[in-house]
Structure formats: structure tokens, C-alpha cells
Amino acid sequence: MEKSLRVMREAADAIRAGSREVRRTRVIMKIRMRAMAAILLGFAQMGSLAARAGEPEQPQADWAAFRPLIGHTLVYAKPDRPGEEKGVFLRLDGTGKAATRGPDGAGEPRPIRWMTTSSGQFCVTDVGTKLWDGDCGWLSIDGLTATLTPASGPVWPGRVLEGDAWNLDPSARSGDRLAGRAAIEALVGNTILAIGYGSADAHRAHYLMADGKARRAHNDQPYFNNWALLPDEKWSIRGPADQLCFSGGGWKEVSCSTVSIAGDLITMHYEKYGPVHALLVKGDARNLSPAAEIASRKKADALVGHSILLKAADRGAKTDSTLYFMRKGSGLAKRGDGAPVPIKWMVQLDGKLCVVEQPRDFRDERCTTLAIDGDAVTLSAPDRAPIAGRLLKGNALKK
């Protein structure tokens, strides 16, 4: 089958991302991200923080001390540097901005990474620099007071300031902050994307529609960016505090939270669980709408019981590939004069066709954008010339 689908593989090469080691790390991260999901109503994005690429994966630390910092500024001082303070603005994905203020003025904001160690220490380091003990300490927060305790030496006193108090990150200006009904209304027609704390990997998505319905999907496979729809839900605004409430679908009871938005950071505060964070992405960013689902299903239905013949203009007939699509995602594929081999296939919500040899698992690199116009078929991927084909009636492998 490796040879049978070579044309499709070449069309999708540009989708490949990351080395084998980075992929292995993502698998570990995904497994750990699931462990705490049930604690925060199935929507919260709990996950181990990713350190910089190439750094060994670390066990999950307790998040109770860290969640209140997301979207806010931690300011702390080291006793051995009198008159100097460091301010750090923390973004959900483990990035942020930092600056140092001292007797000689303030330095320019610089990009940082924040993370935790296996022992639970909170670490902040400049991007591109190696982590060392002086970047880390055990963090405790009591109201607006913060304390960092390094492994050795005196305690670093600190405080928490609301939002981007030092104006370190232009994307999170306090003037853009929304709360209550205004924040909820800003979610309508857009996507709430849940990612792991300190990670760029998304695993939950909510799409709120103007008719009071919401569509939720999950993406739990580390190598395959595929969004699976869950039963439709309802959303509403309730109570004097203008809480966003979800019901129906997978919710056993009504779940409500207050909502605020600063830049692209959504904070949903649950009375029982505290703050839960997500990202605001414009529009139907994960193709969860009924229209996207209908278009995907229509495209899949057009393939069932029929075949695609793929021809590359610079190749001979011996390299032609024929794919026959059967019901329930099964099928056959043949390259040139080779024998047909069993495959499985699917059309994703974004319109991509994914094909792999049985019994292999789906992978992103086995998916290409599929366009059908009459009996003309086009497969395309970024930075690659489109591959043209024909949609043939019935099982072309028998002809």
C-alpha cells in the first residue's frame, strides 16, 4: 500500500510536521492532558507543560497555583538584586513576555517560556536560553501576594497584577477586555478552543451559534488532527451575573460560568473549580457548523460505491492509482499492475480525504484536500502542485 498511495502521499508531504522525537513527546503530553479533563467538566484543558523542544518530558505538577496567573502579570524581586523587579505576562500556551525594571529604568519586553518541573517548581526563562536553577522556584499565591521559593537562597517576594499591567504584550491590552454579557456575545459565531496549559495542542472546541445551539468536538489523537463532533448542546445567558450556561448534549446537568475575554484569552470562572482558560478563534475555525458537516457528508456520499483514478502528467500508466470506496470507510486501492490492497478512508469536516492501508492508523500526512466537480477530482496540499483525477462509477478495479 505504501506504493499504492504514493501519489496521494506526495501531495500531502507538506503537511508533515515535527521530528520523530517531537512526535513521541506529543504522545506523552496528550496522554497526560486527558488525566485531569474530567475534573474540570470535560471542557477544561489540563495538561502537562511542554518545555522547549528537545527537553525531556516532565510529570504533571499541581495546577492550583498556576491557573490564576494565566493572562495576568507576575512581578517578583530577587533579594540579591536590590531595586530591581521582573515582570512576566503569562499566556496560556506557555509563552509570554517579560521585562526588568530597575534603578536605571525599564528594559524592553522580551519573549519568554514558562514551565514547571517534575518537583512542581515554576520556571521562567528567556527564549533560546538554557534553563538553570536560578530561573525556578516553588510558587504560592495568596490573593494578590505571590512568593517564589528557590531551591537555595532567600525567598523571592512578589505580587500578581491584573491583566497585562506592564503593557508587555500588544495582543492583550486591557482596553480590549470584555466581561459578562458582552464577553458571551463576543463568543457567538466564533470558536472556543481548549489547549493544554503550556501547550499549543488543541483537544476541545466549542462553536456557539446565534440560535442558542452549540457544537462541541474533541481531538484526542496525537498524530491525527481530526475533530469528532459530540451531540449538540444548548447555550444560554442566565442569572444576575450573566453566566454562560451549557445544557443538553453530553452535559448531565446545566453547567454555568462567568466569562471574560482579554485579547484572545477566554477565562471561564466556575464557582466550584475556579478559572478555566481557552482561546478565542474567529469564525468556525474547526468546521463544526451544520453547513460544514453537511458538505463533508455530501462529499463522502459522492465517493461511496465509486472509484477515483489518479494520474500524474509526468508519469506512465504503471504509476496510475485507483481507489475504490466502500461503505463504512473501507475500500481497496491499486497502483499500476499491482494487486489491490485493503484501505480505510474518511472525509474530515474540513473536506480533506484521508486514506491509509488497513490496519494502520490515520495520520495527518495521509490527508489531502479533496475537490469534486462533476467527474473531475483534484487532490491538493500546501506547496504542492494539485493532482488531477477522475471519479469513476462503480468499482473500477473490476474493469
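The values are calculated or read from the model by the stated rules, or taken from the named source; none is laboratory data. Please read these numbers as outputs of a predicted model, since none were measured by experiment. Note that we place each Cβ from the backbone using ideal geometry, even for glycine, and neighbour counts take in every protein chain shown.
Counting the residues of segment 116-143 that are modelled with pLDDT of 90 or more and aliphatic (A, V, I, L, M) gives 1. Restricting to segment 107-137, give me the number of residues that are surrounded by fewer than 18 Cβ atoms within 10 Å (Cβ to Cβ) and in a strand (DSSP E or B). Count: 3. Scanning segment 126-137 for residues that are touching a strand residue (DSSP E or B) at 6+ places or on another chain (Cβ under 6 Å) and more than 17 Å from Val155 (Cα to Cα) turns up Asp126, Val127, Leu131.
Here Ala241 qualifies as surrounded by fewer than 17 Cβ atoms within 10 Å (Cβ to Cβ), farther than 21 Å from Gly196 by Cα and of a type in the set (A, V, I, L, M, F, W, C).
Name the strands (runs of 3 or more DSSP E) wholly within segment 140-232 that hold at least 1 residues that are assigned by TED's automatic domain parsing to the domain that holds Arg113?
145-149, 156-161
Candidates in segment 76-87 are the residues that are in a strand (DSSP E or B) and touching a residue at least 60 places away in the same chain (Cβ under 8 Å); of these, the one that is surrounded by the fewest Cβ atoms within 10 Å (Cβ to Cβ) is Tyr76. Does Asp201 meet the test of being within 30 Å of Arg360 (Cα to Cα), under 15 Å from the mean Cα position of the chain (by Cα), surrounded by fewer than 16 Cβ atoms within 10 Å (Cβ to Cβ) and not aliphatic (A, V, I, L, M)? So Asp201 fails the test.
Apart from one condition, Glu253 fits all of (1) surrounded by fewer than 16 Cβ atoms within 10 Å (Cβ to Cβ); (2) touching a residue at least 60 places away in the same chain (Cβ under 8 Å); the exception is (2). For segment 249-278, taking the residues that are in a strand (DSSP E or B) and more than 14 Å from Arg67 (Cα to Cα), the one that is modelled with the lowest pLDDT is identified as Ala262. Residues in segment 156-174 include none that are within 17 Å of Lys86 (Cβ to Cβ) and at pLDDT below 85.
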